[in-house]
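This report concerns only the one structure given below.
The values are calculated or read from the model by the stated rules, or taken from the named source; none is laboratory data. Please read these numbers as outputs of a predicted model, since none were measured by experiment. As a convention, Cβ positions derive from the backbone with ideal geometry for all residues, glycine included, and neighbour counts pool all protein chains shown.
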Amino acid sequence: MKKSFILYVDSLNVLLDLTEEQAGALFIAIYNYHLNGVIPETFWLKMAMNSFINQWERDSEKWAKTVEARKESGRKGGLSKAKQMLANANLAKQDLANVAVNVNDNVNENVTEKVTKEKKSIKKEFQPPTLEEVKSWFIENGSTAEAGAKAWQYYTDGNWNDSKGQPVKNWRQKMRGGRWLEPKPNAKPQDEQYRQLDRVLVPGSDILYKYNPHG
């Protein structure tokens, strides 16, 4: 049973053709119609109610359509809301994934940077050579093992710092650039070697010897 209904002003014009008793009977019939769905059987009362009934049926159809439209709108709204919630969930999931990726990238970068620094630190850390290494290197470079032993002992006593107190980073460079590489005993100087070679190639050639760039 509907809780309310509409009476249109133009439909009430029928009251002008009725007596007060008939008008009262009409309103009682209207009440019974909406309460129990009863249509009066009296001819004149039935005719008087036709315009009201037709209007109420049209109103009911409109109301039914309105209710259906609201349901559809609510369904779409709920679906749209569900889609939005799903989109938000996916976005949140993607944000979490991005955060995880960024964290992993940062961790990897930090680890890589730390490893690189450690490698550089290891690479720069000086390891003093052994006595045998220095002696072998001196012999390979035309000097003697004794000269190598002197150089090794000098820098060992100085905790492998040079004459200016600076730490030695490349002992071979220090040995090569200093006074340590002594020639082997009885080794002829290079100039003398070249002169001997000239005399062997051109014996008795004093003029050639004078213009020889090695002479």
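Things worth noting here:
- Lone unmet requirement of (1) at pLDDT 80 or above; (2) exposed (fewer than 10 other Cβ atoms within 10 Å of the Cβ); (3) part of a helix (DSSP H, G or I) for K123: (1)
- Long-range neighbours under 9 Å by Cβ, at least six apart or interchain, first residue in contact (Cβ under 8 Å) with a residue 60 or more places away in the chain within the stretch 67-81, second surrounded by 10 or more Cβ atoms within 10 Å (Cβ to Cβ) and basic (K, R): none
- Yes/no for K135 being at pLDDT 90 or above and surrounded by 14 or more Cβ atoms within 10 Å (Cβ to Cβ): yes
- Some residue of the stretch 71-86 being assigned to a helix (DSSP H, G or I), polar (S, T, N, Q) and over 30 Å from Y8 (Cβ atoms): yes
- Residue within the stretch 47-56 that is surrounded by 10 or more Cβ atoms within 10 Å (Cβ to Cβ), modelled with pLDDT of 85 or more, outside the structural domain of V14 (by TED's automatic domain parsing) and of a type in the set (S, T, N, Q) present: no
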